[in-house]
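What follows is a set of notes on a single structure, which appears directly below.
The values are calculated or read from the model by the stated rules, or taken from the named source; none is laboratory data. Fair warning: this is a prediction, and the values are worked out from it, not measured in the lab. No Cβ is skipped: glycine too gets one built from the backbone with ideal geometry, and neighbour counts run over all protein chains shown. Surface areas here come from the heavy atoms of the whole protein model, side chains and all, with no ligands, DNA or RNA. Shrake-Rupley method; radii C 1.70, N 1.55, O 1.52, S 1.80 Å.
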Amino acid sequence: MLAGKKVFLIISGGIAAYKSLDLIRRLQDQGATVRCCLTANAKEFVTPMAVSALSRGPVYMDQFSLKDESEMGHIELSRQADLLVVAPATANILARMAAGIADELATTLLLATDKPVLAAPAMNVRMWTHAATQANVATLKSRGILFVGPGEGPMACNEYGPGRLAEVPEIVAAIAAALDPRRPLAGKRAVVTSGPTVEPIDPVRFIANRSSGKQGHAIAAALAALGAEVTLVSGPTALADPEGVTVAHVESAREMLAACQAALPADVAVCAAAVADWGVDGIATQKIKKEPGGAPPSIRLVPNPDILATLSAPGAARPRLVVGFAAETENLIAHAQAKRARKGCDWIVANDVSIGTGTFGGDANQVTLITETGSDAWPALDKRAVAARLADRIAEALS
Ligand code: C5P
């Protein structure tokens with residue numbers, strides 16, 4: 001996928017720097033050549049020796065090294081690669097990039113380059129959400145700097161939130177997308193459902209479920225990264241809208257179906273939402289009162305439309321590829337295969353959501369992709385890595 005590509009990796013000084021060692025290997029696995037530059041702070045986290053050994057080449061660190069300058073000046077160095085990647089990108093290096101400061105070799109190269117730059121931020125959650133960092137990121141984005149991540153989750157500093165370095169496969173996918181002028185899904189339209197649906201009982205009460213929307217949102221972002229024009233139809237979640245994606249915010253299953261149909265025609269539909277199977281019959285227009293000594297009200301449920309089955313139904317508006325999800329707690333493959341037939345979709349992404357797997361709300365997912373030709377069990381991956389892999393498979397199928 002990256003054969004013949006030259007990646008110049010700038011490692012700045014954060015605890016996530018150790019993951020850059022794996023990034024070097026994964027890029028090489030894809031056929032890329034990787035040259036590396038360490039900031040002064042990065043040397044506190046990874047050794048030049050390890051980086052040199054893994055990248056099989058010199059490690060650039062010193063702005064005033066006569067040896068480096070006589071062999072290749074910093075301007076040349078900043079331009080010989082196809083892409084500059086800053087991973088991890090600390091709050092400090094993002095601030096220096098935004099301000100145009102060239103105080104060491106890494107920042108000088110970033111200022112001197114005429115090549116695209118991709119940054120993978122990694123820092124403490126408060127540093128990431130700080131107004132200064134957010135303003136720097138906005139400035140850099142407005143100048144065309146590409147970003148991957150950060151992810152959200154537990155951090156080395158014992159805090160939780162956004163700021164974690166994106167997973168290595170996700171960074172590799174972002175590098176491939178940045179280097180791939182073809183953008184394999186350019187011109188293709190996608191509809192993705194995500195999150196739970198919320199079924200109102202009365203104006204203040206509702207029935208919902210534990211879906212976080214992480215997997216569906218990640219799929220929308222991954223398809224957009226490959227160039228697709230994506231409409232994400234999302235139930236209520238705590239997640240930010242993915243960049244470069246049109247988002248329709250909905251609540252009930254009926255609203256979700258209507259928003260999906262409004263987004264057609266599409267080449268691919270991915271139904272990752274945890275749609276409530278039933279809605280409430282006769283939603284009360286006023287808050288149901290608790291009368292002293294009165295019997296609890298009964299709620300009658302009525303079946304909701306099946307969005308996946310509706311989008312899969314043959315007809316002119318059917319997307320060429322319809323992908324559903326199957327969350328199962330037993331007989332994963334057999335149940336998922338039966339679901340594929342029953343719903344009429346092309347593929348099913350099957351995952352085990354038994355208690356203890358941590359799939360619901362968690363960051364990792366171990367899925368099996370079931371297609372017309374068989375089943376393919378993927379290793380346990382971060383949900384964004386699952387999304388990147390699924391987007392690649394979709395791009396292949398639609399090519
Ligand atoms: O029937 P079940 O809920 O197990 O099927 C799961 C798949 O069907 C998921 O892809 C989900 O998004 C989709 N689905 C739907 N509309 C429903 C119920 C499920 O799109 N009403």
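Scanning region 194-217 for residues that are assigned to a strand (DSSP E or B) and closer than 30 Å to ARG389 by Cβ turns up SER194, PRO196. List the pairs whose first member sits in region 250-273 and is farther than 21 Å from GLY187 by Cα and part of a helix (DSSP H, G or I), whose second member is open to solvent by 40 Å² or more (accessible area, probe 1.4 Å) and within 13 Å of the ligand (Cβ to nearest atom), and whose Cβ atoms are under 6 Å apart, counting only residues at least 6 apart or on separate chains? As it stands, the answer is ALA253/VAL275, since those pairs meet every condition given. Reported count of residues in region 218-232, each being under 16 Å from ARG384 (Cα atoms) and hydroxyl-bearing (Ser, Thr, Tyr), is 0. Considering region 99-167, the qualifying helices (runs of 4 or more DSSP H), each wholly inside and each with 2 or more residues that are open to solvent by less than 10 Å² (accessible area, probe 1.4 Å), run over 105-112, 131-142. Among the residues making up region 297-313, those that are more than 8 Å from the ligand (Cβ to nearest atom) and β-branched (Val, Ile, Thr) are ILE299, VAL302. Looking only at region 246-281, residues that are among the acidic types (Asp, Glu) and more than 22 Å from ALA218 (Cα to Cα) come to 2 in all.
Whether any residue in region 78-89 is in contact with a Pro (Cβ under 9 Å, 6 or more places away or on another chain) and polar (S, T, N, Q) is what I want to check. Scanning region 78-89, I find no residue that is in contact with a Pro (Cβ under 9 Å, 6 or more places away or on another chain) and polar (S, T, N, Q), so the answer is no.
Within region 112-161, if we keep just the residues that are of a type in the set (Phe, Trp, Tyr) and at pLDDT 90 or above, the residue that is nearest to ALA222 (Cα to Cα) turns out to be PHE147. Would you check if THR285 is away from the ligand (no atom under 13 Å from the Cβ) and farther than 27 Å from LYS383 by Cα? The answer is yes for THR285.
Scan region 297-311 and give yes if some residue there is touching a Ser or Thr at 6+ places or on another chain (Cβ under 7 Å) and in contact (Cβ under 8 Å) with a residue 12 or more places away in the chain, otherwise no. Yes; the residues of region 297-311 include at least one that is touching a Ser or Thr at 6+ places or on another chain (Cβ under 7 Å) and in contact (Cβ under 8 Å) with a residue 12 or more places away in the chain. All of (1) within 19 Å of ASP103 (Cβ to Cβ); (2) outside any loop (DSSP other than H, G, I, E, B) hold for ARG26 with one exception: (1). Taking region 84-98 as the search range and keeping residues that are open to solvent by less than 10 Å² (accessible area, probe 1.4 Å) and either among the basic types (Lys, Arg) or part of a helix (DSSP H, G or I) (or both), which one is farthest from LEU21 (Cα to Cα)? Ranking the qualifying residues of region 84-98, first place goes to LEU94.
Per the conditions (1) within 15 Å of the ligand (Cβ to nearest atom); (2) more than 17 Å from ALA222 (Cβ to Cβ); (3) touching a Phe, Trp or Tyr at 6+ places or on another chain (Cβ under 9 Å), the sole criterion not satisfied by GLY344 is (3).
Assess whether ALA222 counts as being buried (at least 22 other Cβ atoms within 10 Å of the Cβ) and either touching a Lys or Arg at 6+ places or on another chain (Cβ under 8 Å) or in a strand (DSSP E or B) (or both).
Yes: the conditions hold for ALA222.
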